[in-house]
Amino acid sequence: MAEASRTFHATLFSLPTFSPRFHFKLSYSHSHPSLHLKRARSVQRSISETKTMSLNTTLPWGCDIDSLENAEALQNWLSDSGLPPQKVGINKVEMGKRGLVALKKINRGEKILFVPPSLLISSDSDWSSPVAGHVLKQQNVADLPLLATYLISEANLQKSSRWSNYISSLPREPYSLLHWTRSELDRYLKASQIRLRAIERIADITGTFDDLRRRIFSKHPHLFPKEVFNLVTFRWSFGILLSRLVYLYSMDGKVALVPWADMLNHSREVETYLNYDKSSQAVVFTTDRAYQPGEQVFISYGKKSNAELLLSYGFVPKQGTNLNDSVELPLSLKISDKCYKQKLKALMKHGLSVSSQCYPIQISGWPLELMAYAYLTVSPPSMSKQFEEMAAMASNESIIRKDLRYPEIEEKAVQFILDSCESSISKYSKFLKKLKRRLRDMRSGELRA
């Protein structure tokens, strides 16, 4: 798809990430809990099936991702449904995206939006097809798959659904790696382990759909016809949820879609986020800077790395602008180490991987856990009594010594980290050279055309 290419062209050198650990987290917007989904039996089968279906299916609802065609209808419906007069409005912003722009001056520290609970879409929302909702809840379907099915059910009803104006404003193809084809994942993310995370996420979603199809959809085809409830629509609904759900701390951790508020884009320069305000009984956010009329208004999606932003939201900030960016560095013990078995036993005791362990590295430095692992790796037999302490700190289980330091081996530990960084970086050089040639060839072809 063209958007995958455009995103990658803009962020070529922001993508390398050494993240081998994927806990099957499906992230909500703005600091969210983990939801563990069932794995698909075959990652390869799930992606190839999804690709085939996406080539032959066009969703009958939603709009182009940068379209303003339904914006006025959405705003009118929201106003009629209880949204108070706003200081912001939907408009085109940079790179053709949609966003909320200040209509009037907004002061720092001012609360805005005030979306009432009646406009939230959550697992408690009433179904236009109550029987379908009852069947899913009887089967104890978890909140995220339940919401995904709810969104498809309401979208299929189109004008008959209370949410028709909202769903019409949602993108048919959300910014999400879920909508990249397998060939795009292989081409643009081949050297990055985010590719594996994307493949696993697609497999998780496919596995969840297969489970619902087997347990529920196939047994109630009159409620869940396969023409409507299929992998393509399920992937669409998950793409919407993963990029737009909000975790509302003040509503006992309720997870919900918040129409209107979900038009807000992310900025690293703000730290404010959406939450339920009990005094006004509405979802608001408090600005941490002032906005002049015409300026885009932002919130924070959380302190996330470029890889996390790409995986859940389908975008990467400009190179060097994300101070929360990190890469995960894989470290492992040296098999030739005379104390290999003893060190390995200490790591396993504290739940660390037998093969390798990964830690994030940021511009500002690395975590104490990484340093502890490096200490353990380079420590000589004479320090065997400290192996246990190092392993505990490397796993973040130690509550005793947060200032762990061993001056006699510190230089060796730092050199081990630097050597590991160089080894990881070298794996990308060949790929990047090939990719540059490919992009140059693509540009030459475009110019000739």
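The values are calculated or read from the model by the stated rules, or taken from the named source; none is laboratory data. Because the structure is predicted, anything quoted here is derived from the model rather than measured. No Cβ is skipped: glycine too gets one built from the backbone with ideal geometry, and neighbour counts run over all protein chains shown. The protein model used for the area step is the full one, side chains on, heavy atoms only, and it has no ligands, DNA or RNA in it. Shrake-Rupley method; radii C 1.70, N 1.55, O 1.52, S 1.80 Å.
Note on region 70-313: Cα-Cα pairs beyond 23 Å make up 54% of the total pair count. Each peptide in 121-131, 335-345 receives the mean, over its residues, of other Cβ atoms within 10 Å, and ordering these scores from highest gives 121-131, 335-345.
For the pair region 61-117 and region 227-254, the centres of their Cα atoms are 20 angstrom apart. Computed from backbone phi, the HN-Hα couplings of region 364-375 come to 7, x, 10, x, 4, 4, 5, 5, 5, 5, 5, 4 Hz, rounded to whole numbers (Karplus: 6.51 cos²θ - 1.76 cosθ + 1.60, θ = phi - 60°; Gly and Pro given as x). Taking the charge dipole of region 308-377 about its Cα centre, with +1 at Lys and Arg Cβ atoms and -1 at Asp and Glu Cβ atoms, the residue from Ile361, Thr377, Ser312 reaching farthest to the positive side is Thr377. Multiplying the residue separation of Tyr340 and Ser426 by 0.36 nm and subtracting their alpha-carbon distance yields 28.4 nm. Peptides 412-424, 241-253 ranked from most to least packed, by the mean per-residue count of other Cβ atoms within 10 Å: 241-253, 412-424.
Given a 1.4 Å probe and every protein chain left where it sits, what share in percent of the accessible area of region 70-313 is carbon and sulfur?
Numbers: 4470 of 9720 Å².
Carbon and sulfur: 46 percent of the exposed surface of region 70-313.
Within region 326-440, the proportion of Cα pairs with more than 20 Å between them is 43 percent.
Sorting 359-365, 321-327, 198-204 by average packing, meaning the other beta carbons within 10 Å per residue, from highest down gives 198-204, 321-327, 359-365.
Remark: relative contact order (region 70-313) = 32 percent; criterion is Cα-Cα distance under 8 angstrom and separation of 6 or more residues.
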